[in-house]
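What follows is one structure encoded as structure tokens, with my remarks underneath.
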Amino acid sequence: MSRKTAIVTGSSSGFGFLCVIELALKGFTVIATMRDTNKAKALLDLAKEKELDNDIHVTSLDVTSSDSIHDFKKYLDNYSQIDVLINNAGFAVGGFSEELSIEDYRRQFETNFFGVIAVTNAVLPIMRASKQGRIINMSSISGRFGFPGLSAYTASKHALEGYSESLRLELRPFGIDVSLIEPGSYQTNIWTSVDQLENNPDSPYTFYTESLLKEINNGKADYGDPSDVAKLAAQIASNPGPSDLRYPVGKGVKTNLFLKKTLPWKLIENVVLKRFKL
């Protein structure tokens, strides 16, 4: 039986990096994409260490660039079948809505939302032709639950959730499955590199920022192991039948979602504000 082929975007670090390795261990040939292929050394070194270097192919892809998407489509001409696409590329813009520009929001959506659509549309003709495929979109607990100081990121993930719901219904007749992974807080660099969430003494939100940064720092000890998310992605990718739409994962995530579903929003709001001592 020929090896199945998977694509992972944002493979230079974090969940994407680990997903590439886990998929290769599961027997996939993996196309690992990243904006800067100069950052591929760590991935390729680990692949060689695990004797997976022949199963992983690194190629450049900037999900926000139409030229890069065009080049990626041509690259895919080398493949007659794509079995799995993991849309993982993303980053987080931090900051309070009043202090963010519309351009900040656009930049956030270009990667986390429109980039997902662009890559998915590049791959779908190949999947439809073979009447099978699996798309896994890396969402977040923020796609289901809004948090202060992360409105741009939260909005982009909420948009991803709605898009994925519709896409799943549209593609089911073609034998293509769509799922969302919704991680909580994990030990990846997305939170340590949150853009613009810093303590500005001239900001009217300084008191809020101090509480948020303290909460982030205090919670680091409870962050999960990101390899758990990668293993979940590889498990979903290997499922022989239809998968679930949503896979919440991480400490407290399922509890938070259950509480949001069952409790009045006013009560949840009070709990969140109290947590930040506001």
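What follows is calculated from the coordinates using simple rules that are stated; it is not laboratory data. These numbers come from a predicted model, not from an experiment. Positions of Cβ are generated from backbone atoms using ideal geometry, with glycine treated the same way; all protein chains shown enter the neighbour counts.
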Practice prompt. Would you kindly derive the ³J(HN,Hα) couplings of the range 226-231 from the backbone phi angles with the Karplus curve 6.51 cos²θ - 1.76 cosθ + 1.60 (θ = phi - 60°), listing them in order in whole Hz, with x for Gly and Pro?
Written response: x, 5, 5, 5, 5, 5
Worksheet entry | Phi-based couplings in Hz for the range 41-52 (Karplus 6.51, -1.76, 1.60; Gly and Pro marked x) | 4, 4, 5, 5, 5, 5, 4, 5, 4, 8, 6, 10
Worksheet item: Build a GNM of the chain with springs between Cα atoms under 10 Å: which of Gln108, Gln81, Gln235 gets the top mean-square fluctuation?
Response: Gln235
Worksheet, complete the sentence: With +1 at each Lys and Arg Cβ and -1 at each Asp and Glu Cβ, the charge dipole magnitude of the range 5-275 around its Cα centre, to the nearest 20 debye, comes out at 880
Worksheet entry | ³J(HN,Hα), Karplus 6.51/-1.76/1.60, whole Hz, each residue of the range 209-217, x for Gly, Pro | 4, 4, 5, 5, 5, 5, 5, 4, 5
Practice prompt. Round to the nearest 10 and give me the degree value, 0 to 90, for the angle of helix 14-25's Cα axis relative to the longest principal axis of the chain.
Written response: 30
Discussion item. Can you tell me the length gained on complete extension of the stretch Leu169 to His70, counting 0.36 nm per residue apart and subtracting the Cα distance?
Written reply: 33.0 nm
Worksheet entry | Along each principal axis, Cα extent of the range 1-96, largest first, Å | 50, 29, 22
Discussion item. What does the extension gain come out to for Asp244 and Phe147, with contour length at 0.36 nm per residue minus their alpha carbon separation?
Written reply: 32.4 nm
Discussion item. On a full-extension model of 0.36 nm per residue, what is the gain between Asn78 and Ile117, subtracting their alpha-carbon distance, rounded to one decimal in nm?
Written reply: 11.9 nm
Worksheet item: Using the C-alpha atoms of the range 5-275, what convex hull volume per residue, in cubic angstrom, is computed?
Response: 135
Discussion item. Going by amide H atoms built from the backbone, whose H comes under 5 Å of the H on Tyr186, apart from near neighbours?
Written reply: Gly224
Worksheet, complete the sentence: Computed, not fitted: 222 nm per-residue ellipticity of the chain from DSSP H runs ≥ 4 (each -39500 (n - 2.57)), nearest 500, equal to -14000 deg cm²/dmol
Discussion item. Can you find, among Asn38, Gly16, Tyr79, the residue sitting farthest towards the positive end of the charge dipole of the range 1-134, where Lys and Arg contribute +1 and Asp and Glu -1 at Cβ?
Written reply: Tyr79
Discussion item. For the range 241-278, which trypsin sites (Lys or Arg not before Pro) pass both filters: DSSP loop (anything but H, G, I, E, B) and at most 15 other C-beta atoms within 10 Å?
Written reply: Lys251, Lys277
